[in-house]
Amino acid sequence: MNRFDTAAEIYKNYGIDAQKAIDTLKNVTVSMHCWQGDDVVGFDTKESLSGGIQTTGNYPGKARTFDELTADIDKAMSLIPGKKKLNLHACYAVFEDGEFADRNELKPKHFEKWVKFAKERNMGIDFNPTFFSHAMVKDNLTLSSPDENVRKFWVEHGKRCVEISQYFAEETGVPCVMNIWIPDGYKDIPADRFSPRARFKASLDEILSVPYDKTKVYITLESKVFGIGMESYTVGSAEFCLNYVNKNGITPLMDNGHYHPTEVVSDKISAMLLFNEKIALHITRGVRWDSDHVVLFDDETKEIAKEIVAADALDKVFIATDYFDASINRISAWVTGMRNVQKALLYALLTPHKMLKELQDSGDLTALMVKNEELKTLPFGDVWEKYLADENVNSDYLSEIKKYEKDVLSKR
């Protein structure tokens, strides 16, 4: 009997079919963010990264062009098991033959190369308007700006992104999640909290006035508690975003690095699922007040996955990664984070949720604690190795990445 068979027998004692868990995970799509590969620089502007976010580090080998970025994405995805989507930001528009279009003039044709790339790999595409790193971000304000020219510029950008999102969905045959996040806020205590939010609301209303197929495009809205340079006031707070989403029938997106350090998204998922047909997640890792660290196989990542699986909501949650680390090999950062999301999902699929729920409902909290502790030392690793083997992906990815670094990245 091999190690997986032994592990499967152990899980069977808890009422869990290990192979069924693997087969379920094979069909769970995780959307991989493109911006880890070039430190969120994009192709459309020479502006440095700004607008409440920041990358740190200068590890060699950063992608500088479409061809370099897509080669790195291919290498990362070859080392990641399971079903994947590609998550793009609008700043990754590709211009050729000297053409340029500003963000309020973007068209589907500026993303044709991305569509070809995705279709050749049988992937869908998710999308994000880019409301940062641009000269039209004035005083850290975009959709909430009191300058009508600034606000209208970004409203038009949002409208163009809705059109592009539908283009992605129609071309790939996979629904596109279009996520709106703005950096707007103030470093110090504002004199007027109401008006920026009123302007943000009006801007969102204008963007959503663009006709689109709601079966093909899921527009989401992402909140944040604070950002660099806007520590005292964030226009797109959690309360604003939740109320707007529910009033206007779009999809909430929660990024687990965008809340107070004592808050956890895992605790919010069940509440959100009760009131929304779909929810979306950006899975990252917050460290103190900073988000966007490479996802680990840590307690909160496991709890997020547990809540999704326990609620039987794998078909109701859009799962994407969102982090950027320029201090380590960028491809390793992609592979490590994506694999850890899948590890957490497999761990959740190997958890006897029905048994644990019955213990909770019966009031046997002693047994509940004991069983939860038992589960932590079950041979999860052997089931994970079987999943990797089924997906024809090696457990060791570091040696392959080091080889790619030597052969490709070091020559950039």
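Residues in region 369-382 that are of a type in the set (S, T, N, Q) and either outside any loop (DSSP other than H, G, I, E, B) or more than 32 Å from the chain's Cα centre (by Cα) (or both): Asn372 only.
Is it fair to say Ala367 is among the small types (Gly, Ala, Ser) and within 19 Å of Ala76 (Cα to Cα)? No: the conditions fail for Ala367. Annotation: Ile319 fulfils all but one of (1) within 15 Å of the chain's Cα centre (by Cα); (2) assigned to a loop (DSSP other than H, G, I, E, B); the unmet one is (2). Taking every residue in region 262-282 that is outside any helix (DSSP H, G or I) and pairing it with any residue that is modelled with pLDDT of 95 or more and among the hydroxyl-bearing types (Ser, Thr, Tyr), at least 6 positions away or on another chain, the pairs with Cβ-Cβ distances below 7 Å are Asn276/Thr251; Lys278/Tyr218; Lys278/Thr251; Ile279/Thr251; Ala280/Thr220; Ala280/Thr251.
Tell me, which residue of region 109-145 that is of a type outside the set (D, E, K, R) and at positive phi is surrounded by the fewest Cβ atoms within 10 Å (Cβ to Cβ)? My answer is Asn122.
From the residues in region 182-224 that are polar (S, T, N, Q) and closer than 22 Å to Asp147 by Cα, which one is nearest to the chain's Cα centre (by Cα)? Among those that are polar (S, T, N, Q) and closer than 22 Å to Asp147 by Cα, it is Ser203.
Considering the conditions (1) part of a helix (DSSP H, G or I); (2) closer than 30 Å to Leu409 by Cβ; (3) not aliphatic (A, V, I, L, M), Asp325 is excluded by exactly one of them, (1). For region 167-189, which positions are assigned to a helix (DSSP H, G or I), surrounded by fewer than 22 Cβ atoms within 10 Å (Cβ to Cβ) and not acidic (Asp, Glu)? Answer for region 167-189, where residues must be assigned to a helix (DSSP H, G or I), surrounded by fewer than 22 Cβ atoms within 10 Å (Cβ to Cβ) and not acidic (Asp, Glu): Tyr167, Thr172.
Residue check: is Tyr92 at pLDDT 95 or above, over 20 Å from the mean Cα position of the chain (by Cα) and surrounded by 20 or more Cβ atoms within 10 Å (Cβ to Cβ)? For Tyr92, the condition - at pLDDT 95 or above, over 20 Å from the mean Cα position of the chain (by Cα) and surrounded by 20 or more Cβ atoms within 10 Å (Cβ to Cβ) - is not met. Take the residues in region 277-319 that are surrounded by fewer than 18 Cβ atoms within 10 Å (Cβ to Cβ) and touching a Pro at 6+ places or on another chain (Cβ under 8 Å); name whichever of them is nearest to Gly249 (Cα to Cα). Out of the qualifying residues, it is Trp289. In this structure, is Ala313 closer than 18 Å to Thr29 by Cα, touching a Phe, Trp or Tyr at 6+ places or on another chain (Cβ under 7 Å) and among the hydrophobic types (A, V, I, L, M, F, W, C)? So Ala313 fails the test.
Criterion first (of a type in the set (A, V, I, L, M), farther than 24 Å from Met254 by Cα and modelled with pLDDT under 95) does Ala191 satisfy it? Answer is no for this residue. Residues that are in a loop (DSSP other than H, G, I, E, B) and hydroxyl-bearing (Ser, Thr, Tyr) within region 1-37 comprise just one, Tyr14. Of all residues in region 343-401, those satisfying the criterion of being of a type in the set (Asp, Glu) and closer than 23 Å to Asp5 by Cβ are Glu374, Asp382, Glu385, Asp390, Glu391, Asp396.
Does any residue of region 356-368 turn out to be outside any loop (DSSP other than H, G, I, E, B), farther than 30 Å from Phe275 by Cα and either at pLDDT 95 or above or over 23 Å from the mean Cα position of the chain (by Cα) (or both)? Scanning region 356-368, I find at least one residue that is outside any loop (DSSP other than H, G, I, E, B), farther than 30 Å from Phe275 by Cα and either at pLDDT 95 or above or over 23 Å from the mean Cα position of the chain (by Cα) (or both), so the answer is yes.
May I ask you to list the residues in region 156-184 that are in contact with a Leu (Cβ under 7 Å, 6 or more places away or on another chain) and among the β-branched types (Val, Ile, Thr)? Selection gives Ile164, Ile180, Ile182. For region 190-206, what are the residues that are of a type in the set (A, V, I, L, M, F, W, C) and either farther than 13 Å from Tyr233 by Cα or surrounded by 19 or more Cβ atoms within 10 Å (Cβ to Cβ) (or both)? Result: Ala198, Phe200, Ala202, Leu204.
The values are calculated or read from the model by the stated rules, or taken from the named source; none is laboratory data. Fair warning: this is a prediction, and the values are worked out from it, not measured in the lab. Ideal geometry is used to build each Cβ from the backbone, glycine not excepted, and the neighbour counts take in all protein chains shown.
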